[in-house]
């Protein structure tokens, strides 16, 4: 029984540690992405995400696009940061299934 309780605690900690931080993703997005997207759209930067002809059509494509933007603008975000920004964008705009 004691081993079972320990395993449950460890599993819970692992699951929580691996979850994306949407609030952190929003902070990174607002600091790094918004000004570029405003420049691209001439005003409302969120149009990048909401336009009918958007190129991102899946969660995997969204993550890949966040990674491309990070690489081309040399933000040098960690993988966890990419996950956080992706989770923020998905929750706020895209709403792709996560599992």
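The values are calculated or read from the model by the stated rules, or taken from the named source; none is laboratory data. These numbers were taken from a predicted model, which means no experiment stands behind them. In this analysis, Cβ positions are derived from the backbone assuming ideal geometry, glycine residues included, and neighbour counts consider all displayed protein chains.
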Residue selected from segment 51-80 under the condition within 17 Å of residue 95 (Cα to Cα) and under 12 Å from the mean Cα position of the chain (by Cα), by the criterion surrounded by the most Cβ atoms within 10 Å (Cβ to Cβ): 66
Every pair of residues 6+ apart whose Cβ atoms lie under 7 Å, when the first sits in segment 49-62 and is part of a loop (DSSP other than H, G, I, E, B) while the second is surrounded by 15 or more Cβ atoms within 10 Å (Cβ to Cβ) and at pLDDT 90 or above: 56/62; 56/65; 56/94; 58/96
Tally of residues being surrounded by 14 or more Cβ atoms within 10 Å (Cβ to Cβ) and outside any helix (DSSP H, G or I) across segment 32-47: 3
Single residue of segment 66-76 satisfying the filter (in a helix (DSSP H, G or I) and touching a helix residue (DSSP H, G or I) at 6+ places or on another chain (Cβ under 9 Å)) that is nearest to residue 22 (Cα to Cα): 66
Top-ranked residue in segment 10-31 [being surrounded by fewer than 15 Cβ atoms within 10 Å (Cβ to Cβ) and closer than 17 Å to residue 99 by Cα; ranked as modelled with the highest pLDDT]: 19
Segment 77-99 - residue that is over 17 Å from residue 34 (Cα atoms) and in a loop (DSSP other than H, G, I, E, B) and, of those, modelled with the lowest pLDDT: 99
From 38, 48, residue being closer than 20 Å to residue 72 by Cα, modelled with pLDDT of 85 or more and over 17 Å from the mean Cα position of the chain (by Cα): 38
